[in-house]
1. Using the per-residue mean of other Cβ atoms lying within 10 Å as a proxy for protection, in what order, highest first, do the peptides 38-50, 117-129 fall?
2. Sorted by packing (mean other beta-carbon atoms within 10 Å per residue), highest first, where do 22-32, 88-98 land?
Amino acid sequence: MEALKKIRVKHIEGFNIVERGWGISDRFPNNEIRINKHLHEYPELLEGILNHEVKHTRHQGFTKKDLVHDLATKNQYSQWQLMKFCLRHPLALLQAVPIYYTRKDGIVFDINAMITMAIVLGFVGIAIWIGLSL
């Protein structure tokens, strides 16, 4: 992880790092990790996010291992730093959108984000239903 000591990271442990102006980060099957270009302003957050992305599998689409990794792993970075990052760079919140379009990849479906969104919406729906039935 010595490469992370530098402010600008382009390559790490066999992964190609590509910068973009929205979202937080994603890993693709071709060992490409796309990160928000503003993460370099938060070196500790960047290191934790890259550590998280490196541990995903290379499989495209849904894998139980990736879903468990996203939902059940301990945070490898400060949630406070992530909240500050999202407040200062609102386009980072687009990370929660499970379907998006890029010129390079066309329409991208993030299955794990879809499942996570369904779980969250399910809990919110149940909470509203319970609240209204009281």
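None of the figures in this text is laboratory data; all of them are computed from the coordinates on show. Note that the coordinates shown come from a computational prediction; the quantities given were computed from them, not determined experimentally. Cβ sites come from the backbone with ideal geometry, for glycine too, and all protein chains shown count toward neighbours.
1. On the way: 38-50: 18.2, 117-129: 10.5.
Ranked by mean Cβ neighbours within 10 Å, highest first: 38-50, 117-129.
2. On the way: 22-32: 16.5, 88-98: 14.5.
Taking the mean over residues of other Cβ atoms within 10 Å, the ranking is 22-32, 88-98.
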